[in-house]
Structures are given as structure tokens and as C-alpha cells.
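A short write-up of the structure that comes next.
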Amino acid sequence: MAEVPAKYKLKDAFKPVPENPIEGPRDEPTILNIGPSHPTMHGTIQLITELVGETITNIDVECGYLHRGAEKMMENRNYIQAIPYTDRLNYVSTCVNNFGYVAAIEKLFGIEITERCAWLRTLFAELARIGDHYTCQAALANESGAATPFFYLVQARDYIWEHLNHATGARLMTSFARIGGLAKDVTDDWLKRCKEILLGNFPLLKDVHGLLDKNRIFLDRVQGIGQISAEDAINCGITGPFLRGSGVKYDIRKVTPYLKYDEVEWEVPVGKYGDNYDRYYVRMREIEESIKICLQCIEKMPAGTVNTDDYQAHLPEKTEVYGSIEGLINHFKVVIDGPKPPKGKLYHFVEGGNGELGFFVVSDGTGTAYRVHIRPPSFLIMGAFDKIIIGHQLADIIPTFATVNMVGGECDR
């Protein structure tokens with residue numbers, strides 16, 4: 001047998017692997033794209049992360065993928081036709097958006113809503129807030145590996161959404177508000193069933209607290225992660241549960257009361273460290289406070305009508321439309337031309353599910369707004385996302401992002 005040439009011998013062909021095969025620095029960053037289509041991105045958002053190993057050294061947040069132009073569409077529809085666009089801002093707490101927008105228009109008109117309408121709006125806004133917080137907490141639990149609380153919370157949320165459906169005709173996109181009132185009234189049976197559903201939430205909340213509050217795995221995922229100081233949060237314009245998680249006792253419902261929030265008893269929960277755990281716990285406590293508000297609204301609900309008599313603002317009753325020529329003409333004028341508030345501009349804000357939700361409206365005296373600008377609470381939080389996540393691990397992005405509770409429709413620009 002012929003001898004194997006030296007260059008093909010194993011000892012020459014396979015040289016020993018050096019201890020450090022990669023020459024140069026070992027901490028060269030890696031760029032990783034998360035999204036815009038990702039199971040845990042709550043909306044079409046892209047996070048361009050720079051990693052050294054598993055540590056985040058830089059992050060670029062890009063949330064401009066929806067491109068619906070809600071504000072411009074509202075400027076091309078009359079004031080009543082624009083109401084459904086507010087549903088799509090935060091599609092898990094639509095009533096809050098509805099009421100915030102129509103309240104701005106009512107201020108332009110100088111309309112005072114009825115007592116029953118004010119109590120019902122307070123009730124529906126808090127039901128929507130509970131559904132919003134349930135959705136956020138369920139996502140946080142599931143994305144942290146806790147599936148059981150997810151099912152508990154989603155089931156409780158669906159009881160509320162189905163009950164809203166019985167009153168408004170829709171689970172999510174309610175479009176229930178009207179300028180000067182509501183689409184329709186609710187029955188006493190509806191209020192009674194609402195109370196039963198809310199009281200049934202307390203045992204469920206106790207179970208979720210028992211599953212998560214002292215769970216070692218959950219605590220490792222959220223404690224000390226995503227911290228932001230009260231000073232930094234204020235400087236970034238952050239409001240809502242995210243700000244209250246940092247210990248700032250600021251809630252628009254207390255600071256600048258509207259509707260009936262100054263006629264019910266409730267507290268403003270706050271955190272201490274401003275981390276993911278504090279934001280989780282603040283939302284859990286806020287659910288309890290919202291239930292307390294709802295129960296008081298049901299007990300104090302007065303009799304009466306839900307709409308004002310000013311038919312320049314909202315549609316007349318169908319009996320008048322079908323039974324009188326004046327009602328028919330008024331219906332056509334409101335639908336075709338829209339209500340025409342006097343010239344002026346104002347900014348009205350409410351406490352949304354994620355913080356201050358504001359509407360800046362400019363009226364030129366026609367039935368369509370000259371300018372509509374919306375202040376979305378979660379958009380400002382995303383502006384500080386790099387501040388709270390840089391230096392943490394790649395796996396920390398998901399639970400931190402869940403506590404932000406960003407809504408794509410709200411951040412639409």
C-alpha cells in the first residue's frame with residue numbers, strides 16, 4: 001500500500017484548535033430584530049436591539065407601522081361620525097375613549113349632561129378600565145410563563161365584555177357615547193346583573209394574588225426589572241399606572257375630578273420602586289378600586305333620561321324621526337352636516353387605562369373639526385422604553401413591554 005502524502009496526514013490536515021479561536025475583542029455587539037410581527041408585541045412594533053451576549057446595550061423602538069391616520073380621518077368626518085374612530089385608539093377600553101372625546105365636544109357646545117348620564121358614564125368607564133387592566137395582567141402572566149392566571153383573568157374579562165355587549169351591542173367597539181348623552185339607557189336588570197358579576201371578581205382576584213404575588217419564578221422575572229425613578233418618569237411625561245408604580249400619587253380622576261369621581265370613595269394605589277412588579281401590583285389594586293367605584297355607581301344611580309334636550313348635538317329619538325317632520329329634518333341635518341359648535345379650541349383630558357388620554361379640538365364653526373390631536377398615554381411611555389430596559393437581559397424585554405401595555409392604535413402617528 002502506497003504511503004499517504006505528508007500533506008494529507010491527519011496530524012498535518014487537522015491542526016489543534018487554539019484556546020481562543022476568535023481573534024480580537026470577545027464583546028462585539030449583535031443586532032437582533034424583535035417584531036414588527038411577534039407574538040408578544042402588543043401591536044405592530046419593532047424593537048431593534050443591540051446585544052452583547054444576552055445583555056441589552058442599546059435599543060431602537062419603532063412603533064410607526066400602523067399608519068391609520070386616525071386624527072386626519074376625524075378631521076374629515078363630522079363630529080358624530082368621528083366617534084367610532086375613538087374606539088380604535090385603545091380597543092380594550094373603548095368607553096373611556098368615547099367619553100373623553102364627546103366631553104371635549106360638549107365643552108365646545110357648553111352642554112351639561114344629565115345626572116343619570118354622568119353616573120352611567122362613570123360606571124361604563126370603570127368597567128372598561130377593569131377590562132383593560134385584566135387584559136394587561138393576563139398578558140404579563142402568560143408571557144412570564146404563568147398560564148393559569150392568564151385563563152382566570154381572561155375569563156373574568158369576558159364576563160364583563162359580554163355584559164357590556166348586552167348594553168351597547170358590541171364587546172369591544174362600543175361607540176356608545178353620544179354628544180350630550182349615550183346611545184341608549186340600561187335597565188335595572190342590567191344593573192343588578194352587573195353588580196353580581198363585579199362581586200364575583202373578588203374571589204378570582206384573591207386566587208390570582210395567591211398564584212403570583214409570592215411566586216418565586218414570577219418574582220425573578222419582574223422584581224428589580226424595568227425600574228424608572230419618579231423624577232425620570234415625570235420628565236418623560238409618563239402618567240397612569242406606570243407613573244404610580246414609581247410612587248407618584250397622580251390620578252386625573254382625583255387631581256381634576258370629572259363625571260362623578262368626586263362623589264364616590266376610592267383610593268389611588270402607588271408602588272415604591274418603579275419596577276415591573278410594582279406596576280403589576282398597582283394594576284391589581286386599581287382593579288379592586290374600580291370595582292368599588294362601579295358598585296357605588298350602581299347604588300347611587302338616579303332615575304331620569306340619559307340625553308339632553310339639545311338635538312343640535314345628538315340624534316333625536318326614533319319616535320320623533322318617524323312621527324314628526326321636525327324630527328326627520330333634524331335627523332338629516334345632524335347626520336349630513338354634523339352638529340356645529342361655536343368657533344374655539346380646547347384640550348380635555350381623562351384618565352385612560354394607561355394614563356392621561358387627551359383630546360385637543362379646534363372648531364371653525366362647521367360640523368367638522370378643523371384640527372384634532374390626541375395625546376396617547378402609552379406613546380410617551382414607549383419614548384422612555386430604552387431608558388428602562390438597557391442593561392437588562394434579552395428575556396426581560398417581554399415582561400417589561402407587557403407592563404407598558406402599549407396599544408398600537410393609541411400610538412398611531
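Side notes on the structure shown:
- The residues on offer are Val361, Val350, and the sole one that is modelled with pLDDT of 90 or more and closer than 14 Å to Asn78 by Cβ is Val361.
- For segment 354-368, the criterion of being touching an Asp or Glu at 6+ places or on another chain (Cβ under 8 Å), closer than 30 Å to Lys254 by Cβ and touching a residue at least 40 places away in the same chain (Cβ under 8 Å) is satisfied by at least one residue.
- Among the candidates Asn98, Asn90, Asn142, Asn58, the residue that is polar (S, T, N, Q), under 25 Å from Leu164 (Cβ atoms), touching a residue at least 60 places away in the same chain (Cβ under 8 Å) and outside any loop (DSSP other than H, G, I, E, B) is uniquely Asn98.
- Taken as a whole, segment 282-292 holds at least one residue that is crowded, with 19+ Cβ neighbours inside 10 Å and either in contact with a Cys (Cβ under 9 Å, 6 or more places away or on another chain) or over 25 Å from Ala141 (Cα atoms) (or both).
- Total residues in segment 229-248, condition out of contact with any strand residue (DSSP E or B) (no Cβ under 6 Å at 6 or more places or on another chain) and either hydroxyl-bearing (Ser, Thr, Tyr) or surrounded by 23 or more Cβ atoms within 10 Å (Cβ to Cβ) (or both): 10
- Some residue of segment 315-323 being free of Cβ contacts under 8 Å to residues at least 60 places away in the same chain, among the aromatic types (Phe, Trp, Tyr), in contact with a helix residue (DSSP H, G or I) (Cβ under 8 Å, 6 or more places away or on another chain) and farther than 28 Å from Leu205 by Cα: yes
- When each of Asp310, Asp275 is tested for being more than 19 Å from Ile197 (Cα to Cα), surrounded by 15 or more Cβ atoms within 10 Å (Cβ to Cβ) and touching a residue at least 60 places away in the same chain (Cβ under 8 Å), the lone residue that passes is Asp310.
- Residue, surrounded by the most Cβ atoms within 10 Å (Cβ to Cβ), within segment 341-361, restricted to residues that are within 16 Å of Phe109 (Cβ to Cβ) and in contact with a Ser or Thr (Cβ under 6 Å, 6 or more places away or on another chain): Pro341
- Residues that are touching a residue at least 60 places away in the same chain (Cβ under 8 Å) and part of a strand (DSSP E or B), drawn from segment 61-78: Val61, Asn78
- In segment 158-178, the residues that are at positive phi reach residues that are among the polar types (S, T, N, Q) and in a helix (DSSP H, G or I) with C-beta atoms within less than 9 angstrom, at least six apart or across chains, in these pairs: Ser175/Thr86; Ser175/Thr94; Ser175/Asn98; Ser175/Thr168.
- Just one of the listed residues (Ala118, Ala82) is among the small types (Gly, Ala, Ser) and crowded, with 23+ Cβ neighbours inside 10 Å, namely Ala82.
The values are calculated or read from the model by the stated rules, or taken from the named source; none is laboratory data. Keep in mind that what you see is a predicted model, and the values were worked out from it rather than measured. Quick reminder, even Gly has a Cβ in these numbers, built from the backbone with ideal geometry, and neighbours come from all protein chains shown.
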